[in-house]
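Starting off with a structure, shown below.
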Amino acid sequence: MDEMHRPIGVFDSGVGGISVLKELVALMPNENYIFYGDSKNAPYGTKTLKEVQDLTCADAEYLLKQNVKALVVACNTATSAAIRILRKKYQDQMPVIGIEPALKPAVSVKKNPRVIVMATPMTIREEKFQKLLKQFTSRAQVISLPCPGLVEFVERGELESEALDDFLSVLFGPYRDEPIDAVVLGCTHYPLIRESIQKSLGSGVAVFDGGAGTARETLRKLKEYKILSDSTEQGTVVFENSTGDERMIELSRYLLERNLKH
Ligand code: DGL
C-alpha cells in the first residue's frame, strides 16, 4: 500500500480517545484509522509512571505491527508519561502526536479567570503538566482537580446516570462557593460525558478539551512528513480493544457515531 494510504494509529488506555478520533475523522474524513483501546488495563491514571510507560510503549508497538503511518496518543496520561520515549523511538520514521490539557483557551475567557483542570492523578502529578501550569498561573487562578474514578463510568458506557451526577456533585462540591469561569477536560474520557459535566457545573461555565487541537496538529504533521492521503473517498475506521470483548467494540462504534453527530 502507498505510504500515504496507510492508516493512522490512534490509541488510549480505553475508549476515551474516541473523543480525539471524532475530531480527526471530522477534520480528515478521507484518512483510514485504526483505534486501539487498552480497556483491559484502564485506568492508566492511577498506575505508577513505569507501568504507564510500559503499557504506552506496548500500545504503540501493537499499532506499528499493523503498518500505521502515524501515531496519535489520544490519552493525556500516556502523553505525559511517555511521549518523549515514543518520539525518541519513532519520530524518525513517522509523526508521533500527543495531547495536553487545553489550558490556553480556558485562561483567555476573561481577565484573571478561575479555571478548573480536570485530569487523572498522573497527568496532574507529571512534570509536563506542571510546566504547562506555570505558563498560566500569573494570568489565572487555576485549580488542578484529579478525578480518580471518573474514567470508569465511561468505560462502562455509563454516560448519563444518577450515580454519575452524584459523583460529579461531590467532585465539584468544594468549588461552588466562588464562581468558576472555565473547565478544562484534561483526560480524553471526559468529553464523552460533557453533558453531565456541563449540567453539574451550570450553563455559564465554558468547557474546553484538547481534541480539536490534536487533530489540527496531526494534519500539520502529516503534511510535514508528506503523507497526507490524497484519497477523495471516505476512509475507514477499524476498532480494536485489548479486552477482546465485542461489547467494547460496539461501545467504541457507538461513541464515535454519537459524537460525530454533535
Ligand atoms: N483517557 C486518558 C487520559 O486522557 C486516561 C484515562 C485513564 O486511563 O486513567 O488521560
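Checking Arg87 against (1) assigned to a helix (DSSP H, G or I); (2) exposed (fewer than 15 other Cβ atoms within 10 Å of the Cβ), which test does it fail?
All conditions are met except number (2).
Six or more apart or on different chains, Cβ atoms under 6 Å: show the pairs whose first residue is in the stretch 31-59 and free of Cβ contacts under 8 Å to residues at least 40 places away in the same chain and whose second is more than 9 Å from the ligand (Cβ to nearest atom).
Going by the 6 Å Cβ cut-off, the qualifying pairs are Gln53/Ala81; Gln53/Ala82; Thr56/Ala82.
Follow-up question, since we're still on this one. Test Lys50 against the criterion of being within 16 Å of the ligand (Cβ to nearest atom), more than 30 Å from Lys134 (Cα to Cα), more than 15 Å from the chain's Cα centre (by Cα) and not in a loop (DSSP other than H, G, I, E, B), and give yes or no.
Details: within 16 Å of the ligand (Cβ to nearest atom): yes; more than 30 Å from Lys134 (Cα to Cα): no; more than 15 Å from the chain's Cα centre (by Cα): yes; not in a loop (DSSP other than H, G, I, E, B): yes.
No, not satisfied.
Is it the case that Pro191 is within 23 Å of Thr79 (Cα to Cα) and buried (at least 16 other Cβ atoms within 10 Å of the Cβ)? Can you show your working first?
Details: within 23 Å of Thr79 (Cα to Cα): yes; buried (at least 16 other Cβ atoms within 10 Å of the Cβ): yes.
For Pro191, the condition - within 23 Å of Thr79 (Cα to Cα) and buried (at least 16 other Cβ atoms within 10 Å of the Cβ) - is met.
For the stretch 105-190, list the strands (runs of 3 or more DSSP E) that sit wholly inside it and hold at least 1 residues that are farther than 13 Å from Leu201 by Cβ; which are they? Outline the logic, then answer.
Working: elements: 114-119, 141-146, 182-185.
Per the criteria, 114-119, 141-146.
Please give the number of the condition Gln198 fails out of (1) within 14 Å of the ligand (Cβ to nearest atom); (2) out of contact with any helix residue (DSSP H, G or I) (no Cβ under 9 Å at 6 or more places or on another chain).
Every condition holds for Gln198 apart from (1).
Report whether or not Asp177 is among the charged types (D, E, K, R) and at pLDDT below 95.
Working: among the charged types (D, E, K, R): yes; at pLDDT below 95: yes.
Yes.
So which residues in the stretch 198-219 are part of a helix (DSSP H, G or I) and touching a residue at least 40 places away in the same chain (Cβ under 8 Å), if there are any at all?
Of the residues in the stretch 198-219, the ones part of a helix (DSSP H, G or I) are 198-201, 211-219.
Those that are part of a helix (DSSP H, G or I) and touching a residue at least 40 places away in the same chain (Cβ under 8 Å): Gly211, Ala212, Gly213, Thr214, Ala215, Arg216, Glu217, Thr218, Leu219.
Can you name every residue in the stretch 95-139 that is of a type in the set (D, E, K, R), within 16 Å of Thr214 (Cβ to Cβ) and more than 16 Å from the ligand (Cβ to nearest atom)?
Within the stretch 95-139, the subset of a type in the set (D, E, K, R) is 100, 104, 110-111, 114, 125-128, 131, 134, 139.
Within this subset, residues satisfying the condition of being within 16 Å of Thr214 (Cβ to Cβ) are 100, 104, 128.
Of everything in the stretch 95-139, just one residue is of a type in the set (D, E, K, R), within 16 Å of Thr214 (Cβ to Cβ) and more than 16 Å from the ligand (Cβ to nearest atom), namely Lys104.
Matching residues to (1) loosely packed, with under 14 Cβ neighbours inside 10 Å; (2) among the charged types (D, E, K, R); (3) assigned to a loop (DSSP other than H, G, I, E, B); (4) in contact with a strand residue (DSSP E or B) (Cβ under 7 Å, 6 or more places away or on another chain):
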site	(1), (2), (3), (4)
Glu195	yes, yes, no, no
Lys221	no, yes, no, yes
Lys226	yes, yes, yes, no
Asp230	yes, yes, yes, no
Glu233	yes, yes, yes, no
Arg247	yes, yes, no, no
Glu250	yes, yes, no, no
Asn259	no, no, no, no
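For Val73, which of the numbered conditions (1) within 25 Å of Arg216 (Cβ to Cβ); (2) more than 16 Å from the ligand (Cβ to nearest atom) fails to hold?
Of (1) within 25 Å of Arg216 (Cβ to Cβ); (2) more than 16 Å from the ligand (Cβ to nearest atom), only one is false for Val73: (2).
Here is a yes/no grid of residues against (1) more than 16 Å from the ligand (Cβ to nearest atom); (2) buried (at least 16 other Cβ atoms within 10 Å of the Cβ); (3) modelled with pLDDT of 95 or more:
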| site | (1), (2), (3) |
| --- | --- |
| Tyr62 | yes, yes, yes |
| Lys65 | yes, no, yes |
| Lys69 | yes, yes, yes |
| Ala78 | no, yes, yes |
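The values are calculated or read from the model by the stated rules, or taken from the named source; none is laboratory data. Source: prediction; values computed, not measured. Counting neighbours? That spans all protein chains shown, and the Cβs are built from the backbone with ideal geometry, glycine included.
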